[in-house]
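The values are calculated or read from the model by the stated rules, or taken from the named source; none is laboratory data. Just so it is clear, the model here is predicted, and its values are computed rather than measured. Reconstructed Cβ throughout: ideal geometry from the backbone, glycine too, with neighbour counts over all protein chains shown. The area values use the complete protein model at the heavy-atom level, side chains included, leaving out ligands, DNA and RNA. Shrake-Rupley method; radii C 1.70, N 1.55, O 1.52, S 1.80 Å.
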Amino acid sequence: MNYSRFLTAVSAARKPSPIRILTELQQRSPPSLISLAGGAPNPNTFPFHSATIKVKNAGNIVFDETTMKRALQYSGSYGIPELISWMKDLQRNLHNPPTAGYTTEKGQMEMCVTTGSQEGLCKVFEMLVNPGDNVLLDAPTYSGTLAALQPLGCNIINVPSDQYGMIPKDLKEILSRWDPADAHKPGSTVPRILYTIPNGGNPTGASMTTERKREVYQLAREYDLLIIEDDPYYFLQFEKPWAPTFLSMDVDGRILRTDSFSKILSSGLRIGFVTGPKPLVDRVVLHIQASTMHTSTFTQLMVSQLLHQWGQEGFLNHIDGVVEFYRKQRDAMLSSADRWLKDVAEWYAPAAGMFLWIKLKGVADTQQLITEKALQKEVLLVPGGVFNINSSDPCPYVRAAFSLSTPQQIDEAFKRLSALIKEAL
């Protein structure tokens, strides 16, 4: 693939930081290396000495004095080597990407660590989206995605979706406005990127079927699109086997995938990953070099130690426990919805994620109902309009999260919401 045609002028102009390159080299060098190159502060001047972090149902993560000095110091922009290595093995085992054995030019699988998957998304958009570009996505979608995309001045085109994700026949109809042969012509308006959350979409809870993914991937091949597979809820799928990913189907090297540890290890540690063709991931790293420089070395070492202690089997056992918790939470919310809302709303059971997407009957727009009247009833949900491309468009939906509240609180919240809707009607 000709990856250069996808880059913005800003991204194409980025050059590797000589200082960051030296940091990467030093990171891979033996301890006997004497470096006078870096401008790193002396860790002997830092006030932190050591730390022991207790892990639930396991041992401890220990930062002795030597490890602590490393944890508090600058590190390479791709991520610390042992964490990247562990994650590459995980991606190969979970997704078996065809690109894992490719050459760099053909789109060999590469990874980098990002400060949460949100940073990864922002860097990917900065790299790929020019003002005036046509960008495809299935709204309603994550408000953070819209916040990152809209200031770039692109034209966001909504592809209809339902509880099974993006609808391929509608995508095909939208793309039929263009001739695929025009995709590589200078000044062409043919869309170059498609964004989707394939599992447990935020806010809808929608999960794309395998067959739909295959159809969407085939259309991407026909029109030479890059697919941004934003999958923070991949590990929160309620049924096994887990759905095949776009990454697992990627014979061309056209998938940029973002993963997150926020939902399964910690949201505050801010650890995410970008996986994709090496020419593009390398360029994401250039954007990181010019901004955050790297994700916290401390949190990377902390997570890396945990993952190496667990091994992949221990990690997946932990995931099973997390999924079981959220399955019970989802089932409690569905039970309460049946109890209180069946006459005034409609919804479907999400197959992954943390959210229930609820359509209120007889309510044209939920914005005022939630922001004003719901607070008086001491219940709060997210009005659905904030997830639309134009947030001022009327929207009859609300998003309810089942992650934090107890089943008793969820039940009481839906009782209050039911009373609120009936009053509004």
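Loop only per DSSP, at most 13 neighbouring Cβ atoms within 10 Å: give me the chymotrypsin sites (Phe, Trp or Tyr not before Pro) in segment 1-75, ordered by residue number. Please list the in-between numbers first.
Numbers: sites: Y3, F6, F48, F63, Y74; in loops: F48, Y74.
Of the chymotrypsin sites (Phe, Trp or Tyr not before Pro), the ones in loops of segment 1-75 whose Cβ has at most 13 other Cβ atoms within 10 Å are F48.
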*List the residues whose amide H sits under 5 Å from the amide H of T196, counting only those 5 or more places along or on another chain, with H placed 1.01 Å from N in the peptide plane.*
I228, D230
_J(HN,Hα) series, segment 105-118, from Karplus relation 6.51 cos²θ - 1.76 cosθ + 1.60, nearest Hz, glycine and proline x_ = 5, 7, x, 3, 4, 9, 9, 9, 8, 10, 7, x, 5, 4
_V382 long-range amide H proximity, modeled H, under 5 Å_ = R399
*With θ set to phi - 60°, apply the Karplus curve 6.51 cos²θ - 1.76 cosθ + 1.60 along segment 231-240 and write out the HN-Hα couplings as whole Hz, x wherever there is a Gly or Pro.*
10, x, 10, 3, 7, 10, 8, 7, 10, 10
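Please give the per residue accessible area of the chain, computed with a probe of 1.4 Å over protein heavy atoms only, in Å².
Numbers: 18950 Å² over 425 residues.
Dividing the accessible area of the chain by its residue count gives 45 Å².
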*Once you've got the GNM for the chain with C-alpha springs shorter than 10 Å, pick whichever of I53, I255, I19 has the biggest mean-square fluctuation.*
I53
*asked:* Per q in 0.18, 0.20 Å⁻¹, report the Debye log10 I(q)/I(0) for segment 229-349, using one uniform scatterer on each alpha carbon and no solvent.
replied: -1.13, -1.25
_With n ≥ 4 as the cut-off for DSSP H runs, can you work out [θ] at 222 nm for the chain, using -39500 (n - 2.57) per run divided by the number of residues, rounded to the nearest 500?_
-11500 deg cm²/dmol
*Compare P47, P198, P98 in a GNM of the chain, Cα atoms joined below 10 Å, and give the one with the largest fluctuation.*
P47
*Could you pull out every residue, at least 5 positions away or on a different chain, whose amide H is within less than 5 Å of the one on N134? Hs are placed 1.01 Å off N in the peptide plane, and Pro or chain starts have none.*
N155, R192
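Rounded to the nearest 20 debye, what is the charge dipole size of the chain about its Cα centre when +1 sits on each Lys and Arg Cβ and -1 on each Asp and Glu Cβ? Spell out each step's value before the answer.
Values: 42 positive and 42 negative charges, 92 e Å.
Dipole size: approximately 440 debye.
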_Hz values of 3J(HN,Hα) by residue in segment 197-212 - Karplus curve (6.51, -1.76, 1.60), Gly and Pro given as x_ = 9, x, 10, x, x, 9, x, 7, x, 5, 10, 6, 6, 4, 4, 5
